[in-house]
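Inspection log for the structure reproduced underneath, given as C-alpha coordinates.
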Amino acid sequence: QVQLVESGGGLVQAGGSLRLSCAASGTIFSINAMGWYRQAPGKQRELVARITSGGSTNYADSVKGQFTISRENAENTVYLQMNSLKHEDTAVYYCSCSAKRYSSSWYRDYWGQGTQVTVSS
(Lines give C-alpha, C1' and ligand atoms only; values in the text may rest on other atoms or scores of the structure.)
Protein backbone atom coordinates (compact mmCIF):
# COMPACT_ATOMS: atom_id res chain seq x y z
CA GLN A 1 0.00 0.00 0.00
CA VAL A 2 0.88 3.68 -0.26
CA GLN A 3 0.28 6.00 2.66
CA LEU A 4 0.33 9.78 2.63
CA VAL A 5 0.72 11.63 5.90
CA GLU A 6 0.16 15.38 6.03
CA SER A 7 1.37 17.74 8.72
CA GLY A 8 1.67 21.45 9.35
CA GLY A 9 -1.93 22.55 9.47
CA GLY A 10 -3.36 24.64 12.24
CA LEU A 11 -4.82 27.97 13.25
CA VAL A 12 -3.20 31.16 12.00
CA GLN A 13 -4.18 34.81 11.84
CA ALA A 14 -4.90 36.47 8.53
CA GLY A 15 -1.67 37.56 6.90
CA GLY A 16 0.29 34.76 8.52
CA SER A 17 2.05 31.78 6.99
CA LEU A 18 1.96 28.02 7.27
CA ARG A 19 3.97 25.25 5.65
CA LEU A 20 2.28 21.95 4.93
CA SER A 21 4.25 18.76 4.47
CA CYS A 22 3.21 15.42 3.05
CA ALA A 23 5.31 12.28 3.07
CA ALA A 24 4.48 9.24 0.98
CA SER A 25 5.55 5.82 2.17
CA GLY A 26 4.98 2.18 1.35
CA THR A 27 5.93 -0.13 -1.48
CA ILE A 28 6.47 2.71 -3.93
CA PHE A 29 8.27 2.12 -7.20
CA SER A 30 7.76 5.59 -8.62
CA ILE A 31 5.79 8.77 -7.99
CA ASN A 32 4.70 10.97 -10.84
CA ALA A 33 2.78 14.10 -9.88
CA MET A 34 2.13 15.22 -6.32
CA GLY A 35 -0.33 17.87 -5.33
CA TRP A 36 -2.42 19.67 -2.78
CA TYR A 37 -6.17 20.03 -2.85
CA ARG A 38 -8.51 21.73 -0.44
CA GLN A 39 -12.13 21.53 0.53
CA ALA A 40 -13.92 24.29 2.37
CA PRO A 41 -17.21 23.68 4.18
CA GLY A 42 -20.06 23.37 1.70
CA LYS A 43 -17.74 23.49 -1.31
CA GLN A 44 -16.24 20.95 -3.68
CA ARG A 45 -12.67 19.81 -3.37
CA GLU A 46 -10.42 21.91 -5.59
CA LEU A 47 -6.87 21.73 -6.84
CA VAL A 48 -4.54 24.14 -5.08
CA ALA A 49 -1.18 23.27 -6.59
CA ARG A 50 0.48 20.40 -8.40
CA ILE A 51 4.08 19.49 -9.17
CA THR A 52 5.46 16.82 -11.48
CA SER A 53 8.50 14.67 -10.83
CA GLY A 54 10.42 16.98 -13.13
CA GLY A 55 9.46 20.05 -11.11
CA SER A 56 6.82 21.58 -13.37
CA THR A 57 4.14 23.30 -11.35
CA ASN A 58 0.65 24.64 -11.78
CA TYR A 59 -1.50 26.58 -9.34
CA ALA A 60 -5.08 27.56 -8.89
CA ASP A 61 -5.53 31.17 -9.96
CA SER A 62 -6.66 32.06 -6.44
CA VAL A 63 -3.27 31.15 -4.90
CA LYS A 64 -0.80 32.20 -7.58
CA GLY A 65 1.90 34.34 -6.04
CA GLN A 66 0.72 33.41 -2.56
CA PHE A 67 1.44 29.67 -2.29
CA THR A 68 4.51 27.74 -3.40
CA ILE A 69 4.65 24.00 -3.96
CA SER A 70 7.92 22.07 -3.84
CA ARG A 71 9.03 18.48 -3.44
CA GLU A 72 11.93 16.30 -2.41
CA ASN A 73 11.87 13.36 -4.80
CA ALA A 74 14.38 11.34 -2.80
CA GLU A 75 12.13 11.65 0.27
CA ASN A 76 8.81 11.25 -1.56
CA THR A 77 7.74 14.44 0.14
CA VAL A 78 5.82 17.44 -1.09
CA TYR A 79 5.47 20.81 0.60
CA LEU A 80 3.09 23.74 0.35
CA GLN A 81 4.32 27.10 1.60
CA MET A 82 1.33 29.32 2.21
CA ASN A 83 1.91 33.03 2.75
CA SER A 84 -0.37 36.01 3.30
CA LEU A 85 -3.14 33.69 4.35
CA LYS A 86 -6.72 34.91 4.08
CA HIS A 87 -9.88 33.78 5.79
CA GLU A 88 -11.04 32.25 2.51
CA ASP A 89 -8.03 29.90 2.58
CA THR A 90 -9.67 28.10 5.48
CA ALA A 91 -10.24 24.50 4.44
CA VAL A 92 -9.13 20.93 4.89
CA TYR A 93 -6.03 20.46 2.77
CA TYR A 94 -5.42 17.08 1.20
CA CYS A 95 -2.23 15.72 -0.26
CA SER A 96 -2.39 13.51 -3.32
CA CYS A 97 0.07 11.65 -5.49
CA SER A 98 0.09 9.51 -8.58
CA ALA A 99 2.20 6.51 -7.68
CA LYS A 100 3.15 3.11 -9.01
CA ARG A 101 3.80 0.28 -6.62
CA TYR A 102 6.36 -2.45 -7.20
CA SER A 103 3.55 -4.96 -7.53
CA SER A 104 1.55 -2.90 -10.04
CA SER A 105 1.77 -2.21 -13.74
CA TRP A 106 0.15 1.22 -13.63
CA TYR A 107 -0.08 4.46 -11.70
CA ARG A 108 -3.03 5.31 -9.49
CA ASP A 109 -3.97 8.21 -7.27
CA TYR A 110 -3.54 8.11 -3.51
CA TRP A 111 -4.86 10.56 -0.93
CA GLY A 112 -3.94 11.64 2.54
CA GLN A 113 -6.38 12.05 5.41
CA GLY A 114 -6.28 15.83 5.24
CA THR A 115 -5.08 18.55 7.56
CA GLN A 116 -7.19 21.46 8.76
CA VAL A 117 -6.06 25.00 8.03
CA THR A 118 -8.03 27.72 9.76
CA VAL A 119 -7.32 31.39 9.11
CA SER A 120 -8.86 33.79 11.58
CA SER A 121 -9.84 37.19 10.26
Completion exercise
Sole miss for residue 103 among (1) without any contact (Cβ under 8 Å) to a residue 40 or more places away in the chain; (2) part of a loop (DSSP other than H, G, I, E, B); (3) exposed (fewer than 13 other Cβ atoms within 10 Å of the Cβ) is condition (1)
Exercise for the section: State yes or no: is residue 2 farther than 30 Å from residue 121 by Cβ and either surrounded by 17 or more Cβ atoms within 10 Å (Cβ to Cβ) or of a type in the set (Gly, Ala, Ser) (or both)? Expected result: yes
Exercise for the section: Find the residue count for the stretch 44-61, including only residues that are within 17 Å of residue 117 (Cα to Cα) and touching a residue at least 24 places away in the same chain (Cβ under 8 Å). Expected result: 3
Practice task
Considering only residues that are buried (at least 19 other Cβ atoms within 10 Å of the Cβ) and of a type in the set (D, E, K, R), look in the stretch 67-100 and name the one that is farthest from residue 25 (Cα to Cα).
Solution key: 89
Completion exercise
Among residues of the stretch 70-87 being touching a Ser or Thr at 6+ places or on another chain (Cβ under 9 Å) and either of a type in the set (Gly, Ala, Ser) or outside any strand (DSSP E or B) (or both), the residue farthest from residue 119 (Cα to Cα) is 73
Exercise for the section: For the stretch 11-46, enumerate the residues that are more than 19 Å from residue 90 (Cβ to Cβ) and aromatic (Phe, Trp, Tyr). Expected result: 29
Handout entry: Considering residues of the stretch 47-66 that are open to solvent by less than 40 Å² (accessible area, probe 1.4 Å) and not aliphatic (A, V, I, L, M) only, the residue farthest from residue 90 (Cα to Cα)
Key = 52
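The values are calculated or read from the model by the stated rules, or taken from the named source; none is laboratory data. In this text the structure is predicted, and so the values were computed from the model without any measurement. Here Cβ is always computed from backbone atoms with ideal geometry, including for glycine, and neighbour counts include all displayed protein chains. We work out accessible area using only protein heavy atoms, side chains counted, and drop any ligands, DNA or RNA first. Shrake-Rupley method; radii C 1.70, N 1.55, O 1.52, S 1.80 Å.
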